[in-house]
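Structure record follows, encoded as structure tokens.
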Amino acid sequence: MTKASRTSLALWCRRLIPAILVMAVGLDCLAQTSNVTLAGANTGSVIEARLAVFRDMLPQFAGSQQDPVENRLTLATADKPVDDIYGGTMHCNIIAFVYSNNILPRTICLHLTSQAKSERFRSLHDVNIRRDDVFFSPNVLTYDNKQVAGAGIVEQVFPELTPDQLHDVAFSRAMFFQVGTNAYEVSYFQRQSWRLLWTYFALNRAKVNAQAGQSSPLPPVMKEETDFQIAAKAREKQRTIVLSKALQANQEAAAQGDAYGLLRMGERYRDGEGVEQDLVKARDYLKKAADAGSPTAADELAALPGPSK
């Protein structure tokens, strides 16, 4: 190759390489755009998949009670006790009220229950909340005082929270509430169920917005979601192994003419349990089981649709 040819090739390469880089960047951007579009198209299915996990998880972090008269579903996290220096105990949890077929809560409140030897809320019923370095005084819905024999006074108060305030008190590093001059801290660990409840409501809000054609950011995936799914998959895998072994045991017993094995294979083919439903095979196995002395097989054979022979 002559010197002129080498020089020409070098110039051509200098022009080609930037063009290739530009093309690669363009293709990468196009791919990213396609992924974003695809993610947007599948937002509804992603939300529903996460909500399905949360519906299965719900009994683990919140109790539920349906009121048919009020047509209301009450969701409540578990009580968390916090003590003061005067020997009293304050319990706190989150309560949310969901009405009718609406999937979003109409009311969310911090439920405070006092158990002490003296009244706290009757004379000092103002409740102040501090999360990190921010103070706010929620609207107190109602409070109730009642005497419990031998256990002092039990009082309840319900400071109302907006969804944003629930997020703030659930996810803040530190959270205190103050009743009168007494302050109580609810640790970050104790507020785990609060974070899960807020995420559940946030996903429901995203579902409502998606159905209305509106976009909204999805809450971050909680570690508890991932752990629950991993555990569920492990349980399903173990269940599949157990069912497979049970089917194999029934097949082997039936092959040896065992009455119970024949009965179970007949029932499996009748119900499509672990095998494809086949009433002809079901009838054959049940007849063999009845002939082997199984009265149950005889009864089930008589009840099987179609000819008995």
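Sort Glu225, Glu276, Glu70, Glu155 so that the residue with the fewest other Cβ atoms within 10 Å of its own Cβ comes first and the one with the most comes last.
Working: Glu225 17, Glu276 8, Glu70 11, Glu155 22.
Going from sparsest to densest Cβ surroundings: Glu276, Glu70, Glu225, Glu155.
What is the Rg over Rh value, at two decimals, for segment 160-227, using alpha-carbon atoms and the Kirkwood definition of Rh? Can you show the working numbers first?
Working: Rg = 14.6 Å, Rh = 13.6 Å.
The Rg/Rh ratio comes out at 1.07.
In nm, to one decimal, how far is the Lys281 label point from the Val134 one, both placed 7 Å along Cα→Cβ?
According to this spin-label approximation, the distance is 6.2 nm.
Estimate the FRET efficiency between Gln214 and Asp271 by the formula 1/(1 + (r/R0)^6), using the beta-carbon distance for r and 41 Å for R0, to the nearest 0.05. Numbers along the way, then the final one.
On the way: r = 45 Å, r/R0 = 1.10.
The calculated FRET efficiency here is 0.35.
In nm, give the distance between the simple-model label positions of Ala246 and Val46, each being 7 Å from the Cα along the Cα-to-Cβ direction.
3.8 nm
What FRET efficiency comes out for the pair Asp299/Gln238, r = Cβ-Cβ distance, R0 = 30 Å, nearest 0.05? Walk me through the numbers before you get to the answer.
Details: r = 33 Å, r/R0 = 1.11.
Approximately 0.35, to the nearest 0.05.
Using R₀ = 30 Å, calculate the FRET efficiency as 1/(1 + (r/R₀)^6) where r is the Cβ-Cβ separation of Val69 and Thr89; round to 0.05. Please report the intermediate quantities before stating the final value.
Working: r = 32 Å, r/R0 = 1.07.
So, using R0 = 30 Å, E works out to roughly 0.40.
Would you mind computing, in nm to one decimal, how far apart the modelled labels at Ala292 and Asp164 are, each placed 7 Å from Cα along Cα→Cβ?
7.0 nm
To one decimal place, what orientation-averaged projected area in nm² is obtained for the convex hull of the Cα set of segment 196-291? Write down the numbers at each step before the final one.
Numbers: hull surface 38.2 nm².
Here the figure is 9.5 nm², rounded to one decimal.
By how many nm would the segment from Gln178 to Leu58 lengthen if fully extended, with 0.36 nm per residue of separation less the alpha-carbon distance? Each step should come with its number before you reach the end.
Details: separation 120, 0.36 × 120 = 43.20 nm, distance 2.93 nm.
Contour length minus the Cα-Cα distance gives 40.3 nm.
FYI, it's all coordinate maths here, none of it is from the lab. Since we're looking at a predicted model, the values are computed, not measured. Because the Cβ atoms are built from the backbone with ideal geometry, glycine has one as well, and the counts that use them run over all protein chains shown.
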